[in-house]
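Take a look at the structure below.
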Amino acid sequence: MLARRNVRQSRQFQQLWRSFSSYGLHGSREAKQDKRWPGWEVVVGIEVHAQIKSRRKLFSGSLTSQPGEAPNTSVSAFDAAFPGTLPKLNSKCVELAVRTALALNSEVQPRSTFDRKHYFYPDLPAGYQITQRYAPLAKGGFLRLAKQGIPVRITQIQLEQDTAKSTFDARRRESHVDLNRAGSGLMEIVSEPDLRSPEEAGDYIRTLQAVLRSVGSSDGNMEQGSLRCDVNVSVNRTGAPLGTRCEIKNLNSAKFAMMAITSEVFRHIELLESGVPVPQETRGFDEDRAETFKLRSKEDAPDYRYMPDPNLPPLLLTKEYVDRIRRTMPELPDAQRARLLAQGLSPRDADVLMAVDAGREVGFDGEPGRGAVAYFDKLAQGRDPKVAVNWMTHDLLGQLSARKETFGDNPVSVSQLGELIDMVQTGKITGTSGKTILRHMIAHPSDSSPLELATKHSLNAIASDDGVSLRVWCKEAIEALPDVAEAVRKGNPRVLNRLVGSVMQRSRGRADAQSVREMLEAMLMNSP
Amino acid sequence: MPLRQPNAAKAFSRSRLFKTNAALSTESPWEHVFEGRNTSVNALVSISNRPASERPESSRVGNLAIAVKDNICTASMPATCSSNMLRGFVPPFDATVVNLLRIAGADIVGKTNCDEFGMGSLNVNSIHDPVINPHQVASAAAVPWAERERRSAGGSSGGSAAAVAASMCDAALGTDTGGSIRLPASYCGVVGLKPSYGLISRWGVISYADSLDCVGILGKNVDTVKTVYDAVSIFDPKDPTSATTESRDKASTAARDRIQSFDFEEAEPNLSGLRIGIPQEYFPAELDSTILDSLRRVIKRLHSLGASVVPVSLPSTPYALSAYYVIASAEASSNLARYDGIQFGSRTSLPPGADKSRPGAVYARTRSTNFGSEVQKRVLLGTYALTADAFDNYFLQAQRVRKLIRSDFNAVFRAPHVLSSPPTATPRISGVDVLLHPSAIRTAPPLLRGGDLGRASHNDGLGESSPAAASGLDTYLQDILTVPASLAGLPALSVPAGYGADGWPVGVSVIGQWGCDDLVMRIGHVVESTPPCA
């Protein structure tokens, strides 16, 4: 039964596989030796199904469901396949898929069409899924792997409906169908068989996930099932023609995909070494045993009876439309990193900001989420980018993480933090006071400006009173620590820091450490 | 895997949506209007419980009593599609057409009998039993109803045609996929319009074959049909195949200019300059020769009013019927996949002891039990046509034929097709304004006599004497003259044009270019006013 739960088209992949193997032995990639399987070559291609982050479903006006929602609450008559209902394409889904295509350097087709893929299963109420079998939304393209830098060619990107979810209650021996997910928009992203190891496959999945998140087209959340992978694996002796491929269905993390590929490679090698040809089949992955298992052989492959959908007219996208999406879409990770470095940020700072963004909530329908890079961009306007990023990464993020909060919880507005930075830069408050005020703003969110807070808490810098307060605190410190003062007088400057610390404590951070040091030195050297 | 009532089905539980409707109760306010005629004709399968409104004599749509085919959704009455599969199904919404009629103030009097899911040409494939053609042959006026000759009302919109013919309503909505309005209109002696594809919304119409399905209108006369048509022919954003306002305007502006060049308002309009084509392929060997007399009379009249009548050729016509059955069946196999007993469709459990481990067996049991034999036949045919091995030779081949049929029509019409021609295309002076041909190859075929009116599931209900009874395939011949316009999406109007030698009605069809529905109806009006015996 499990086999039928995630039936996906594989014929297409077979054809692409064949056409690929016909023009060169292994395409553009060099043979790669792997210590784990010397003398063998591994070829992997991946089909990813990513849920489109749209507020509404692909062909019905109903809202997409959120995790944890009660079953069968986000359902329209169309989603339930009521007789008499008709599909209506959601333009937001198209827009997000076009963003994805552009991010993957794929060519958006001026004309794409919708087809029906038929099979009977309780989680498919219409008895067919609307997909783009014959003329997909976008063709070609590539994704450069984040870690390994290798370009992996994209075959095509198509729009399709997600299915409902069926679960089996073993205790009551009942099947349950939840239509909340039925009809949500998916992007199917098919790669060429350009990957050569489990690690490259993992890199591909993670890189793709980051790209989808950065353009806002999917939240790519594998745990919640909004990104799912089918991998195609074949193994051959180095220099020999491609081996027979097996497809492993429905892997729901990059880690499991890598484990499944590794296990599959060893299985193929074992068969081939014992002289048994690998049969072409579709397999599942048992996460507990870290093994793949047979779902069905090539002979049992279902015939999906693809048919052009007679209700949906072709999707026609003009060059102007695609250009508009290109102009207005969010920056891609590569470009963003380059821009941040050009502003003078260190690679580490850029990575920190981008890593924060990678974990943020992706907005619906491509609306920008509350990201750290966007925050930085505003903060750095009219300020030194390096100072701005230091305040963000060291102080703001540091204090948030000390409170076990994320950037999403940040209550400090760009203008508040900006004003705070300006006050420190102009000497109105000390850096230490600035940090105190920031901590206060995080702990007690309000609209108060940092200047108001500084005044309220008497944290304005004391530089303006001609050193009167400073002189008093220094005197008190020397009197409180006579032994230390004596040591300094006798030419041991290293213990001066204890006196400086004492003064800072008395000033509650308002004093400037360098001024304190100078004042103390003057007082101790000039008096007996 | 045991398939028990899943959660989703519970969400749309029978108690809320699938309630049993007492529509056929004898207390219906419409019963006295029908005066028991429905019992004889079996045209209506649900009758409205809403009282009839006051109806002054006037042709406004708000003053009309309208019946609706049982494959069109109404929130107040079931929509069974004459199938066991949807027995008792009450949709949670009104179709756009029904909604438009209600807003205009029309009375929806009931739901009409039809062939199961619109599949059939004789209205004998119905869980509600066949519709009996209400026509009375002049010589049989004195014979009691029960002893009269029983003939088919045609299908699949047989109930709609019969309800109009028996004066149970002013007009009726039907659907026409390959002739399902024009054929019953012809057999029952009423007017039946299949509009251009995309002009009347299909939202809320239970699909048989989406690319061919058209909602249309049956009425006593062309004026009534036009009144209803004008009320429901508007763009519907809920139907992705609904023609845009822009395309409608483009086509109707061209048609209006043409209409204004003739004085159609006159009783004897001057039609000089109007060109009428007679397609030579529309006179197959199976055509009953006595039907030609009626057609000749109509042609003579049009000619006498000044129209030029010219022979034209639509060379791909002989392939139309095969292409139609492949496309319609393929789409049907897809559209009817939802009736699997899980979400929709009456579920029939496996017999005790049956192997429940194969889900296929569970589906097969429900679908074999609750679909009638004609539906099963077409679902199987369509399923085959879509299999990977047959797709090219059947489905794609049929689509190629469909293209040829379209270009055949475009080659003879004066007006360009606004949806497929460049915007600059100009009328071809040598082209024809409309085509004219017999609506059917014969008058209404006889039904089997006796108590067994044929559940239609194992018998097509035709009398032994009928040539159509010889084999199942012959039934499909009924559609030979109507499917080309369906494949091309063109407006086609069947108008009564006298009687055959057997005294039963004969229809003549007028076909126009896409969007020229008004012109088709204007000419239909002239055809309608042709004196019975010239």
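The values are calculated or read from the model by the stated rules, or taken from the named source; none is laboratory data. In this text the structure is predicted, and so the values were computed from the model without any measurement. We place every Cβ from the backbone using ideal geometry, glycine too, and count neighbours over all the protein chains shown. In case anyone asks, the SASA skips ligands and DNA or RNA and just uses the protein heavy atoms, side chains included. Shrake-Rupley method; radii C 1.70, N 1.55, O 1.52, S 1.80 Å.
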Net lengthening on full extension, residue A:343/residue A:300 (0.36 nm per residue, minus Cα-Cα): 9.7 nm
Accessible area that becomes buried as B packs against A, both chains, 1.4 Å probe, Å², nearest 100: 3800
Distribution of pairwise C-alpha distances over chain A, 20 Å bins, in %: 19, 40, 24, 14, 3, 0
Estimated inter-spin distance, residue A:119 and residue A:290, nm [label 7 Å along Cα→Cβ]: 2.9
Under 17 Å from the Cα of residue A:147 - aspartates and glutamates, other chains or at least 8 residues apart: A:194, A:199, A:200, A:203, A:334, A:351
Check: the protein assembly as shown dipole with +1 on Lys, Arg Cβ and -1 on Asp, Glu Cβ, in debye: 1840
At R0 = 60 Å, FRET efficiency that the Cβ-Cβ distance of residue A:34 and residue A:446 yields, to 0.05: 0.55
Cα centre as origin, Lys/Arg/Asp/Glu Cβ charges: the range A:239-292 dipole, Debye: 160
Whole-percent pair-distance distribution, where bins are 20 Å wide, for the alpha carbons of chain B: 23, 58, 18, 1
Convex hull volume per residue in cubic angstrom - Cα atoms of the range B:172-262: 105
Per-pair calculated FRET efficiency, R0 = 60 Å: residue B:244 and residue A:457 via Cβ, rounded to 0.05: 0.35
The range B:59-115: C-alpha pair distances exceeding 19 Å, %: 26
Principal-axis tilt of helix A:333-342 within chain A, Cα atoms, nearest 10 degrees: 20
Rounded tilt (10° steps) of A:91-103 against the dominant C-alpha axis of chain A: 80
Farthest toward positive dipole pole in the range A:91-196 [+1 Lys/Arg, -1 Asp/Glu at C-beta], among A:150, A:177, A:164: A:150
Cα shape, the range B:484-524, gyration tensor, a/c 1.5 rule: oblate
Positive-end residue, the protein assembly as shown charge dipole about Cα centroid, Cβ charges, pick of A:304, A:417, B:532: A:417
Protection-proxy order for peptides B:222-235, A:313-326, each taking the mean of Cβ atoms within 10 Å per residue, highest first: B:222-235, A:313-326
Rounded to 5, the percent of DSSP beta bridges in chain A classed as antiparallel: 95
Extended-chain gain in nm, criterion 0.36 nm per residue less alpha-carbon gap, residue A:498 and residue A:270: 75.1 nm
Relative counts (whole %) of C-alpha pair distances in the range B:324-380, using bins that are 10 Å wide: 23, 49, 23, 4, 0
Cα Rg over Rh - the range A:331-456, Kirkwood: 0.96
Residue B:293 versus residue B:426: modelled label distance in nm, points set 7 Å from Cα along the beta carbon direction: 4.7
Entries in A:92/A:386; A:294/B:356; A:165/B:356; A:53/A:165; A:435/A:456 that, when Cα-Cα distance is taken, lie over 27 Å: A:92/A:386
Farthest positive-ward along the range A:347-397 dipole, Cα basis, beta-carbon charges - from A:350, A:385, A:364: A:385
Cα-derived Rg over Rh, computed across the protein assembly as shown with Rh taken as Kirkwood radius: 1.13
